[in-house]
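Q: Below: one structure in structure tokens.
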Amino acid sequence: MSSSPPKPTPKPTSARNESPHAAPTAGAGREKPWLFRTYSGHSSARASNALYRSNLAKGQTGLSVAFDLPTQTGYDSDHPLARGEVGKVGVPICHIDDMALLFEGIPLEQMNTSMTINATAAWLLALYIATAERQGGAPAKLRGTTQNDIIKEYLSRGTFVFPPEASMRLTSEIVAYTVEHVPHWNPINICSYHLQEAGATPVQEIAFSMANAISLLDHLRDSGAVSEQDLAKVFGRISFFLNAGIRFVEEMCKCRAMTALWEEIGRERYGIRDEKALRLRYGVQVNSLGLTEAQPENNIVRIALEALGVTLSQRARARSLQLPAWNEALGLPRPWDQQLSLRTQQILAYETDLLEYGDLFDGSHVVEEKTRALGLAAREELDVVLAMGGAVAAVENAYMKQRLVESHTARLRAIESGELTVVGVNAYSESVESPLVQAGSSAILKIDASAERAQIESLQAFRNRRSPDAVATALRQLEDAIQSGQNILPPSIEAAKAGVTTGEWTSVLRRVFGEYRAPTGVAASASARPTAEDTQVRERVDALSQRLGRRLKLLVGKPGLDGHSNGAEQIAVKARDAGMEVVYDGIRLTPEEIVQSARDEGVHVVGLSILSGSHGVLVVDVVDRMRAAGLGDVPVVVGGIIPPDDALALEKAGVRRVYTPKDFDLARIMNEIVDVVAEANAAA
Amino acid sequence: MSKPVESPLALAERVRAGDRGGVAQALNLVDDGRAARRADALDLLDALEGHAKGRRIGITGAPGAGKSTLLDALATRLGSQGRSVAILAIDPSSRKSGGALLGDRFRMGASARDSGVFFRSLAARDQLGGLSEITGASLDVLAAAFDTVFVETVGVGQSEAGIVDLVETLVFVAQPAAGDLVQFMKAGILEWPDVFFVNKSDLSQLAGRTASELRAGIELGRPDAPGERAPVLCGSARDGVGIDELIDAIDRHHASLARTEAGARRRSAGRLARIRTALTTRYGTRGLARLTAEAPLEQQVDAQPGRSVERIIDRLGARIEAGWAGTDAAGAA
């Protein structure tokens, strides 16, 4: 490895290196800290490799790979849907040479790598294994995690591809394969993280993620994918990926409650006896939902407190921790921003005396009571989901999604009403200008637009130098294996070595399994009681609708591959409650599809939501195509993580309003939509 | 939408040529509540009258029965056969705010989108059964532009009776052992559909039982077609099973309508029912009674050949209003 290993000031001396959750022994030296990771990757395999090496040199102890959206949804960089998305929210990996370059100079045998990959997890794991072998490493020694949790993709993150049944099969085949061949690998990371980002309360976070784990374990047990004696091994290898918000005492109790519930489920439902296997193992990325665009430096403090919440109690301490960057709500973080997050972890682990004690809260009545209450409520909600047939059923009937949309709506309402204080946003918003984000200085990372072109060129060169026969054979064997019900990993590893691309691999699966559109949960979500402001907007909508001759009709959709639909869903629900007719067009749409919807549906205004940073290409494309289709008088508004410079450029291109995370006041947005439509129809 | 409007006749030309922008604009026009636009809307509909080239097919069933998935599969299959397809999806409005979330478009899969289906969502607005007068007029527009026009409604009871007036073929989508069958039988709904499709047959053994229950239920016969039994098919929209058979059944029903006089009979009965419903909604039973006191409604409708349903509704409505005005004047005198 080119980078020097981390040099923690006091050498970890604890004998309990295996687990930070072991029983406390007072005063026995320092605990070994959790793994320090930073979720990162962008532009290209080469640029990301340089970033990883420099992060490791700064004392990061594990890697966390962010893939770009085409890779996550199984498209090659030159696919039409990939346009504008290549290298934006992560690294593009199209084939084995990309993967080899990503880890150049980083021996995978010695690394612990977390890969945020779900629908295409089997493929990226195959590439990882093939790359390790190319480095001369043994797959049996690999350590790390594939996220591989599809349920939460349906609920929140949106990078699913296949229907639930096929997804469940893929997940369990990865589990079955790794338990045997890559025994130190965590084949699945059940994510409650994204549930909280989608609005989940702590109780929902515990209940839904447990329901998710149960659906997988039941499937593994009942399908015979793993034997009875392997089930304990599998149980012990399932890990969780949690979130931690600013209410850090409650979050700590949540982790304790989850630990207890997991053990209970292991004992009672699966008859697990092995104490080590029964321990809840989890990593954490602290909350991004609560990070603010206003006074963004405040986020530095929020992140530190949230990190404290999941490390403070020894019993409920994360095994690995990723901290977001303070400026996430503004755009992509720069290396310096990520360094600050890493330093926050290092200060917590090496400067403070946190790791010198056993559990600080054992015997605390307050913590015990809170933990018990959360556990009971979660158990109750878990039973509701199990009674309707488990997590898969509760995805298909949209129960969980509806509950999340409702919780998120309630949270936004509480911020709007001031019931929930967010410093710098709905309270104490007076501020001097921040030197960190002064106008003109760029406080975010800009992805070079040439990165996409370079990636496509290198992909085409790769296709030219591989053997077409070997690729065709590998793809045929892959399809045969899937059709005949064999494990997908061995033919995928062979395909990786033969030079198959991400898009080709996924095409085979798309053909066999079909594609899926998950229920949105918005249609059935209950309306909240209208505030005075809501009533006023509704009257304006009624009046304008009269003037237009038809009820004000709004199209809400997400162009590109970004599946984070929470924002779009909140707008859709709010607009309905404001009296508009809302066509919710969902995620993963091409600009052509959006324009077709706008025309077919005869809408008065189009609202686009985009968080992946590809707004520059996709939104402008929608506006241009609207004009070409004779819909130039239908205004377009956009919401997303859009830096001020980009917002100006979009407005110049014809976008009527641009909203960013600081615009939390939905009633104001509704009012402005009415304004925009009224302006566009002034002559009507 | 603030654009200067082209003449209704020019717009009708575009609709009949299958121009999608024109169709969308025509749908906007017939939905326009402003009095000043009504004349244009009627001219448009008159110009489309007699030019229907498409079949109108109703898809109904309880929420969750899989109507959207089925439509997705049907549209994809028909599209691949080179037929042009339009879908009109009716969504219930929020009674509180007047707003509505029209989520059906989202459920349309990529394959149906690729096949070029024209999709329009329509909020049900005030009508309890989920069908407003706009639905009929919108279908008149779509049928002039596309080979096959589907209208999707949630089956809540009254709407089936309403939808049957608007379509040539009504498909009822049931799910296995949903327990709603008894309710439907009680409501007399099983009289109306021309084809039954028991969906999700992959999920449950109960599909076969549901199908036999249905067959038993509809054996009682339909009032308008004694001796004919609507076919009951099983399949899975999700897996594309039974879709070809369903298209066959729809085609067969359509052919039998064309072969016999039943088609023409059904169409004119449907028109008459639409006019009666609209007039009753606008003027109440007393208003309608005043009109039919002069001559049976059928006779008054037949006296206006080549006119669109909406035109006739407005004309007869004007007659009712004129009569009222006369009464009022007499009362005042």
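The values are calculated or read from the model by the stated rules, or taken from the named source; none is laboratory data. Just so you know, these numbers come straight off a predicted model, no measurement behind them. With ideal geometry, Cβ positions are generated from the backbone for all residues, glycine too; neighbour counts draw on all protein chains shown.
Q: All but one of (1) crowded, with 22+ Cβ neighbours inside 10 Å; (2) without any contact (Cβ under 8 Å) to a residue 12 or more places away in the chain hold for A:P324; state the number of the condition that does not hold.
A: So the condition that A:P324 fails would be (2).
Q: What are the residue pairs meeting all of these: first residue in the stretch A:118-146, first residue closer than 10 Å to A:M99 by Cβ, second residue assigned to a strand (DSSP E or B), Cβ atoms under 8 Å, and 6 or more apart or on different chains?
A: Hits for this filter: A:L124/A:F67; A:L124/A:M115; A:L124/A:T146; A:Y128/A:T113; A:Y128/A:M115; A:Y128/A:G144.
Q: For the stretch B:133-146, how many residues meet the condition of being among the acidic types (D, E) and modelled with pLDDT under 95?
A: Going through the stretch B:133-146, the residues among the acidic types (D, E) turn out to be B:133, B:140.
From what's left, modelled with pLDDT under 95: B:133.
Going through the stretch B:133-146 one residue at a time, the tally reaches 1.
Q: Kindly provide the set of residues from the stretch B:32-50 that are away from chain A (no Cβ under 14 Å), surrounded by 14 or more Cβ atoms within 10 Å (Cβ to Cβ) and not in a helix (DSSP H, G or I), ordered by number.
A: The initial filter retains those residues of the stretch B:32-50 that are away from chain A (no Cβ under 14 Å), namely B:42-50.
With the extra rule that they be surrounded by 14 or more Cβ atoms within 10 Å (Cβ to Cβ), the set shrinks to B:42-49.
Matches in the stretch B:32-50: B:E49 only.
Q: Now for a different question. Within the stretch B:234-251, how many residues turn out to be touching a residue at least 12 places away in the same chain (Cβ under 8 Å) and in a helix (DSSP H, G or I)?
A: Residues of the stretch B:234-251 that are touching a residue at least 12 places away in the same chain (Cβ under 8 Å), as a first pass: B:234-247, B:249-250.
If we keep only those that are in a helix (DSSP H, G or I) too, we end up with B:243-247, B:249-250.
Number satisfying all stated conditions: 7.
Q: Go through the residues of the stretch A:612-621 one by one and say whether even a single one is within 13 Å of chain B (Cβ to nearest Cβ) and of a type outside the set (A, V, I, L, M, F, W, C).
A: In the first step, residues of the stretch A:612-621 are kept if they are within 13 Å of chain B (Cβ to nearest Cβ); the result is none.
Checked against the condition, which is being within 13 Å of chain B (Cβ to nearest Cβ) and of a type outside the set (A, V, I, L, M, F, W, C), the stretch A:612-621 yields no hits at all.
Q: Given (1) in contact with a helix residue (DSSP H, G or I) (Cβ under 6 Å, 6 or more places away or on another chain); (2) surrounded by fewer than 16 Cβ atoms within 10 Å (Cβ to Cβ), identify the lone condition not met by A:A443.
A: (2)
Q: State whether one or more residues within the stretch A:544-552 are small (G, A, S), surrounded by fewer than 24 Cβ atoms within 10 Å (Cβ to Cβ) and in contact with a strand residue (DSSP E or B) (Cβ under 6 Å, 6 or more places away or on another chain). It would help to see each step written out before you state the result.
A: Taking the stretch A:544-552 and keeping what is small (G, A, S), we get A:545, A:549.
Narrowing the set further to residues that are surrounded by fewer than 24 Cβ atoms within 10 Å (Cβ to Cβ) leaves A:545, A:549.
Keeping just the survivors that are in contact with a strand residue (DSSP E or B) (Cβ under 6 Å, 6 or more places away or on another chain) gives none.
Among the residues of the stretch A:544-552, not one is small (G, A, S), surrounded by fewer than 24 Cβ atoms within 10 Å (Cβ to Cβ) and in contact with a strand residue (DSSP E or B) (Cβ under 6 Å, 6 or more places away or on another chain), which makes the answer no.
Q: A further question follows. Report yes if A:I669 is in contact (Cβ under 8 Å) with a residue 40 or more places away in the chain, touching a Phe, Trp or Tyr at 6+ places or on another chain (Cβ under 7 Å), within 14 Å of A:A568 (Cα to Cα) and surrounded by 20 or more Cβ atoms within 10 Å (Cβ to Cβ), otherwise no. Break it down into steps so the answer makes sense when it comes.
A: Numbers: in contact (Cβ under 8 Å) with a residue 40 or more places away in the chain: yes; touching a Phe, Trp or Tyr at 6+ places or on another chain (Cβ under 7 Å): yes; within 14 Å of A:A568 (Cα to Cα): yes; surrounded by 20 or more Cβ atoms within 10 Å (Cβ to Cβ): yes.
So A:I669 passes the test.
Q: Further question on the same structure: Any residue at all in the stretch A:636-657 that's surrounded by fewer than 24 Cβ atoms within 10 Å (Cβ to Cβ) and within 14 Å of chain B (Cβ to nearest Cβ)?
A: No, the conditions are met nowhere in the stretch A:636-657.
Listed here are the residues, each with its yes/no results for (1) over 30 Å from the mean Cα position of the chain (by Cα); (2) touching a residue at least 40 places away in the same chain (Cβ under 8 Å); (3) part of a loop (DSSP other than H, G, I, E, B).
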| site | (1), (2), (3) |
| --- | --- |
| A:A461 | yes, no, no |
| A:A472 | yes, no, no |
| A:L475 | no, no, no |
| A:E479 | no, no, no |
| A:S492 | no, yes, no |
| A:T506 | no, yes, no |
| A:R510 | no, yes, no |
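Q: Moving to a separate point now. Could you please find all residues in the stretch B:195-233 being modelled with pLDDT under 80, in a helix (DSSP H, G or I) and farther than 26 Å from B:R265 by Cα?
A: Scanning the stretch B:195-233 gives B:L206, B:A207, B:G208, B:R209, B:T210, B:S212, B:E213, B:L214, B:A216.
Q: I've got another one for you. Condition first: in contact with a strand residue (DSSP E or B) (Cβ under 8 Å, 6 or more places away or on another chain) and either within 13 Å of B:L48 (Cα to Cα) or crowded, with 23+ Cβ neighbours inside 10 Å (or both). Now tell me which residues in the stretch B:20-30 satisfy that. Let's see the steps before the verdict.
A: Initial filter on the stretch B:20-30 (in contact with a strand residue (DSSP E or B) (Cβ under 8 Å, 6 or more places away or on another chain)): B:20, B:23-24, B:27.
Hits for the stretch B:20-30 are B:V23, B:A24, B:L27.
Q: Please work out which residue is farthest from the other protein chains (Cβ to nearest Cβ), limiting yourself to the stretch A:592-611 and to residues that are crowded, with 23+ Cβ neighbours inside 10 Å and within 25 Å of A:A329 (Cα to Cα).
A: Ranking the candidates gives A:I610 first.
Q: Next question. If I filter the stretch A:441-488 down to residues being among the basic types (K, R) and over 19 Å from A:L127 (Cβ atoms), which single residue comes out as modelled with the lowest pLDDT? Step through it out loud before you land on a result.
A: We begin by selecting, within the stretch A:441-488, every residue among the basic types (K, R); these are A:446, A:453, A:463, A:465-466, A:476.
From the residues that got through so far, the ones that are over 19 Å from A:L127 (Cβ atoms) too are A:446, A:453, A:476.
Working: A:K446: 79, A:R453: 95, A:R476: 97.
The extreme case among them is A:K446.
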